[in-house]
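Below is one structure; the comments refer to it alone.
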Amino acid sequence: MWEDVAGARAALVDAAKTTNPSERKFRTYALAALQNLSAEAGNRGPMWMDANGLRAALVDAAAITDPADHKARLCALRTLQSLAAEPENKPLIWMDKHGARKALVSAAKLTDPEDRKAKVCSLGALWNLASDGTNKEQMWADEDGARACLVHAAQLPTPDDREARAYSLAALWNLAVGPANRKLMWNDMQGRRA
């Protein structure tokens with residue numbers, strides 16, 4: 001389906017990019033279909049490389065704050081999490097500082113219980129990104145971004161936040177593999193307590 005450039009792909013991406021409130025349902029359905037397409041490992045690289053189409057739609061939808069668009073946001077974040085599992089995408093997604101990275105870090109910092117699933121997806125995506133050798137030092141150095149949300153989520157005390165806590169601890173584990181991070185992470189008293 002992803003390879004049907006002028007057909008299914010164009011229809012889904014166009015619908016995913018709509019911001020018309022009367023077409024909210026169309027956007028959600030399109031994002032859900034794209035999320036399903038991202039489950040196929042062979043689609044993940046090409047999907048990320050569609051910068052002005054799919055990538056732009058995902059970044060926009062992942063940043064939605066209107067509660068009426070909660071499902072669309074969640075589908076976008078789940079798709080980004082899936083795309084972040086593809087090895088060739090990991091450094092590219094992290095380098096997209098004002099796009100995907102910003103959307104993932106922002107969602108990982110959500111605190112409303114209604115946003116728990118979105119937070120978990122974004123932390124899962126950060127865990128995926130933290131497994132890439134070129135991202136490890138940069139992610140730890142992102143003091144107010146990735147580092148802050150991972151350390152915070154690693155300390156969440158409630159049973160409802162177990163999945164978020166697990167993803168953040170797994171991401172910190174990945175970051176601790178980076179030789180340059182080991183001493184820095186140990187010397188970070190707030191992070192060490194996590």
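The values are calculated or read from the model by the stated rules, or taken from the named source; none is laboratory data. The shown structure was predicted, so the numbers you read here are calculated from the model rather than taken from an experiment. Note that we place each Cβ from the backbone using ideal geometry, even for glycine, and neighbour counts take in every protein chain shown. Accessible surface is based on the protein model in full, side chains and every heavy atom, while ligands, DNA and RNA are left aside. Shrake-Rupley method; radii C 1.70, N 1.55, O 1.52, S 1.80 Å.
Taking the alpha-carbon set of the chain, what are its Rg and Dmax in Å?
16.6, 54
Excluding ligands and nucleic acids, what accessible area in Å² is computed for MET95 using a 1.4 Å probe, to the nearest 10?
Counting only protein heavy atoms, MET95 exposes about 120 Å² to solvent.
First compute the accessible area of the chain with a 1.4 Å probe, then give the percent of it belonging to carbon and sulfur atoms.
54
Name the long-range amide H neighbours of ASP50: under 5 Å, sequence gap of 5 or more, or other chain; modelled H, no Pro or chain starts.
Under 5 Å from the amide H of ASP50: ARG55.
Over 10 Å intervals from 0, what percent of Cα-Cα pairs in segment 68-137 sits in each interval?
23, 56, 19, 2
PRE reach from THR134 (point 7 Å along Cα→Cβ): which of segment 79-96 fall under 20 Å by backbone N?
80-96
Report, in listed order, any pair from LYS71/LYS119; LYS71/LYS117; LYS109/LYS183; LYS25/LYS71; LYS136/LYS183 with a Cα-Cα distance greater than 19 Å.
From the list (LYS71/LYS119; LYS71/LYS117; LYS109/LYS183; LYS25/LYS71; LYS136/LYS183), the Cα-Cα distance tops 19 Å for LYS109/LYS183.
Quick one: grab the alpha carbon gyration tensor of segment 9-117, order the square roots of its eigenvalues as a ≥ b ≥ c, and give me rounded if a/c is under 1.5, else prolate or oblate depending on whether a/b is larger than b/c.
Because a/c hits 1.5 or more and a/b fails to exceed b/c, segment 9-117 counts as oblate.
Got a sec? What order do LYS109, LYS90, LYS71 fall in by accessible area at 1.4 Å, biggest, i.e. largest, first?
LYS71, LYS109, LYS90
How do GLU143, GLU114 rank by accessible surface area computed with a 1.4 Å probe, from largest to smallest?
Heavy-atom accessible area, descending, gives GLU114, GLU143.
Taking the Cα centre of the chain as origin and charging only Cβ (+1 Lys, Arg; -1 Asp, Glu), how large is the dipole, in debye to the nearest 20?
440
Name the residues of segment 85-115 whose amide N is less than 15 Å from a point 7 angstrom out from the Cα of ALA180 along the C-beta direction?
95
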